[in-house]
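Enquirer: Below are the structure tokens for one structure; questions will follow.
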Amino acid sequence: MDLEGKIAIVTGAGSGIGRATALLFAQHGAKVIAADITGKQDETAAENPAAITAVKADAGSEADVQMLVAKALELHGSLQVFYANAGISGGMEGIFDQSVEEWERILRINLIGPFLAIKHGGKAMADGGKGGSIICTASVAGLRSGAGGPAYTASKAGVINLVRIGAQQLTGSSVRCNAICPGLIETGMTEFIYNKARERGFEDKIGQLNPLQRGGIPNEIAEAALFLASDRSSYVNGHALVVDGGLSASHPYARQKFGQTAS
């Protein structure tokens, strides 16, 4: 999984999957631009300052994504990997309770963010002439309903098809475009689920719906990202890699009745 000589951008790198991935990429030889809007990207970079540069950026802002690509080119002269990982859950309110403004906010970060990574990161890689790898965080929620709120689920379904479109649009450039679909992973986004289970004494039931009967950890998704970033995945393109402990093999869920909000 050698990334020696590769330059990578990772969004949402201040915590969770993004931080784990930025550190793993750096461990395997990449120079990393760790981007986040929270300020926590500085903590990530502090763990490996020789390989990681922290940049404050909004992954859903075109100007900020352009700035990240320009920063990579300015500091390192090229770009080979863009991991569009930043995302928000938007809560579990039902479709009749969410506002248009909330949908716009979730879609801007979760779906427009990956689009911008492909638009600007993909072009920089193609122009560089050496190919590259674009990776986008989707979710098992994007495969079918029942694993997230309405806007979140719709945004992640969009990401899955977006990488297929991206792979086709980048035909002939040797730039690959893939997604990762995590299941239940313990991150800041899912903290409320884990905290609620622990408060009720149900920690042993976390992840019980998947065949491994446990939740995942950020590094397990980072390892998948490392594979897709490396030349080991050189013939993987337009694909959504599911990393969910087997949850989506059957994808059980509790049906939400009209007028009720998921708990």
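The values are calculated or read from the model by the stated rules, or taken from the named source; none is laboratory data. Worth saying up front: this structure is predicted, and the values here are computed from it rather than measured. Heads up, the Cβs are rebuilt from the backbone with ideal geometry, glycines too, and the neighbour counts pull from every protein chain shown.
Enquirer: Would you confirm, using the coordinates I've provided, whether S248 is crowded, with 16+ Cβ neighbours inside 10 Å and at pLDDT 90 or above?
Expert: No; evaluated as a whole, the condition is false for this residue.
Enquirer: Right, something else. Looking at region 126-168, which of its residues are of a type in the set (S, T, N, Q), closer than 29 Å to E93 by Cβ and surrounded by 24 or more Cβ atoms within 10 Å (Cβ to Cβ)?
Expert: Passing the criteria: T137, S139, S155.
Enquirer: Kindly evaluate A13 against the criterion of being in contact with a Ser or Thr (Cβ under 9 Å, 6 or more places away or on another chain) and in contact (Cβ under 8 Å) with a residue 60 or more places away in the chain.
Expert: In short, yes.
Enquirer: Something else: Looking only at region 1-29, count every residue that is assigned to a helix (DSSP H, G or I), touching a Leu at 6+ places or on another chain (Cβ under 8 Å) and either of a type in the set (K, R) or over 21 Å from G77 (Cβ atoms) (or both) and tell me the total.
Expert: Residues meeting the conditions: 2.
Enquirer: Go through region 63-85 residue by residue and tally those that are touching a helix residue (DSSP H, G or I) at 6+ places or on another chain (Cβ under 8 Å) and farther than 24 Å from G131 by Cβ.
Expert: 0
Enquirer: So, one more: Select from region 76-108 the residues that are assigned to a helix (DSSP H, G or I) and not charged (D, E, K, R) and write down the one among them that is farthest from A126 (Cα to Cα).
Expert: So the residue we want is V100.
Enquirer: Another question about this same structure. Looking at the structure I just gave you, is K119 without any contact (Cβ under 8 Å) to a residue 60 or more places away in the chain, charged (D, E, K, R), outside any loop (DSSP other than H, G, I, E, B) and farther than 22 Å from K40 by Cβ?
Expert: yes
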